Amino acid sequence: MGFLTDLVASVRRDLERRPLPEGSLLLHARSAPPVRDLEAALRAPGVSLIAEVKRASPSAGPIAEVDSAGQAAAYAQGGAAAISVLTEPRHFDGSVADLRSVRGRTSIPVLRKDFIVHPSQVIQSRAEGADAVLLIATAVTESELEELRCVAEEMGMSALVEAHTEADLGRALASGARMVGVNARDLETLEVDGDRAFELAAKVPPELVLVIESGIRTRKDVLRAGEAGAHAVLVGEALMRSADPSRAVATLLGRR
């Protein structure tokens, strides 16, 4: 087994032992601020940027200890179209508190990025202020993936469905995904293969929103993503390591 398999098994065990309180979460979700439209934000002209708040990762270890709201505000100032917040605690040092903080500090859409396998996590995401959720195609069954996407849309959110292989992409498309994220990183081995990601990106139907994830570090990478048909790129580590995240966002977008 690899990293993703082990982590998803752990998430499922935790949810079995300590189920999330769906009833109270639904009540909170109903009073949450209105949803911001991630899909519309990413369909803007040019290649948009989803800037990620990520303090650590299993591949890089500790990255940066930052105030999540301040980091997100800097990203927005630099021109990011949306903010991704990694809320997984064990390996990424994240929390749903980060999600709340970011949502309260920015006016652009906020994507919750985590290992979501149960509808209660989707409801929790909306209750904590998320406008969209990331769903990893290979982390769940086909029926679970479709259910999770439907629950997200019922809550008013959008879903970015992540694929790494052709099989993943087939599952994403079968689930009815409107936004597809092609991850250059293999979440089992944690290795990055940018060329393979661009090959897979070419197979995403052009009417869908395409996001390239992982391995994007320079303006040249962003331009290459645009040439491959991407509407957006998702960047975390390169921005988190920058001493001036606002300027780093602007540089990736070609505004400096």
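The values are calculated or read from the model by the stated rules, or taken from the named source; none is laboratory data. In this text the structure is predicted, and so the values were computed from the model without any measurement. Cβ placement follows ideal geometry from the backbone for every residue including glycine, while neighbour counts extend to all protein chains displayed. These area figures cover heavy atoms from the full protein model, side chains too; ligands, DNA and RNA do not enter into them. Shrake-Rupley method; radii C 1.70, N 1.55, O 1.52, S 1.80 Å.
Worth pointing out:
- Of all residues making up the range 147-199, the number that are more than 19 Å from V133 (Cα to Cα), buried (at least 22 other Cβ atoms within 10 Å of the Cβ) and in contact with a helix residue (DSSP H, G or I) (Cβ under 8 Å, 6 or more places away or on another chain): 0
- Checking each residue in the range 45-82 for being in a loop (DSSP other than H, G, I, E, B), of a type in the set (A, V, I, L, M, F, W, C) and over 16 Å from I212 (Cβ atoms) picks out A60, I63, A64, V66.
- Residue tally, condition of a type outside the set (V, I, T), touching a strand residue (DSSP E or B) at 6+ places or on another chain (Cβ under 9 Å) and more than 20 Å from E153 (Cα to Cα), over the range 106-138: 0
- When G215 is tested against the conditions (1) on the phi < 0 side of the Ramachandran plot; (2) surrounded by fewer than 23 Cβ atoms within 10 Å (Cβ to Cβ), the lone failure is (1).
- Residues being at pLDDT below 95, open to solvent by less than 60 Å² (accessible area, probe 1.4 Å) and acidic (D, E) - total across the range 26-72: 0
- Within the range 94-117, if we keep just the residues that are assigned to a helix (DSSP H, G or I) and small (G, A, S), the residue that is most open to solvent (accessible area, probe 1.4 Å) turns out to be G104.
The rows are residues; the columns are (1) hydroxyl-bearing (S, T, Y); (2) out of contact with any Leu (no Cβ under 6 Å at 6 or more places or on another chain).
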{"site": "D98", "(1), (2)": "no, yes"}
{"site": "S107", "(1), (2)": "yes, yes"}
{"site": "D131", "(1), (2)": "no, no"}
{"site": "T141", "(1), (2)": "yes, yes"}
{"site": "M155", "(1), (2)": "no, yes"}
{"site": "S175", "(1), (2)": "yes, no"}
{"site": "M179", "(1), (2)": "no, no"}
{"site": "V182", "(1), (2)": "no, no"}
{"site": "L187", "(1), (2)": "no, no"}
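- Checking D131 against (1) without any contact (Cβ under 8 Å) to a residue 24 or more places away in the chain; (2) of a type in the set (D, E); (3) surrounded by 24 or more Cβ atoms within 10 Å (Cβ to Cβ), the condition it does not meet: (1)
- Single residue of R149, R178, R219 found to be touching a Ser or Thr at 6+ places or on another chain (Cβ under 8 Å) and in contact (Cβ under 8 Å) with a residue 60 or more places away in the chain: R178
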